[in-house]
Amino acid sequence: MELDLAYAITIHKSQGSEFQAVIIPVLTQHFKMLYRNLIYTGLTRARSLAIFVGTRKALAMAVRQQDSSKRQTALKLLLGGERRG
């Protein structure tokens, strides 16, 4: 049996990168991480092949669920405070 060296990274760390093939686990046990934007980001990292490993139920759950959490950043402060119209 021939083995090739491979690496695994999170979808978050993969943003901005592209890979020949990606394997994305989609399981209901990880329901807190099943969001449409993560599925989209993972899928768009693949150049030629994307494989989802898990259940259709989990994938459907992820597609329906949008991440509505607000990000806490200092962007407004860095841009010079609140802009006035």
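The values are calculated or read from the model by the stated rules, or taken from the named source; none is laboratory data. Keep in mind the model is a prediction, meaning the values are calculated, not measured. FYI the Cβ positions are ideal-geometry reconstructions off the backbone, even for glycines, and counts take in every protein chain you see.
Look at the range 11-22: where a residue is outside any strand (DSSP E or B) and a partner is of a type in the set (A, V, I, L, M, F, W, C), sitting 6+ places away or on another chain with Cβ atoms under 6 Å, you get ILE11/LEU38. How do the pairs read when you match residues in the range 23-35 that are within 10 Å of MET61 (Cα to Cα) with residues anywhere that are in a loop (DSSP other than H, G, I, E, B) and modelled with pLDDT under 80, using Cβ under 9 Å and keeping only pairs 6 or more apart or on different chains? As it stands, the answer is TYR35/ASP67, since those pairs meet every condition given.
Applying the condition of being of a type in the set (S, T, N, Q) and under 16 Å from the mean Cα position of the chain (by Cα) to the range 1-20 and asking which residue is surrounded by the most Cβ atoms within 10 Å (Cβ to Cβ) yields SER14.
So, ALA62, is that one outside any strand (DSSP E or B), among the small types (Gly, Ala, Ser) and touching a residue at least 24 places away in the same chain (Cβ under 8 Å) or not? Yes, satisfied. Note on the range 21-49: among residues that are aromatic (Phe, Trp, Tyr) and under 12 Å from the mean Cα position of the chain (by Cα), the one that is farthest from GLN65 (Cα to Cα) is TYR40.
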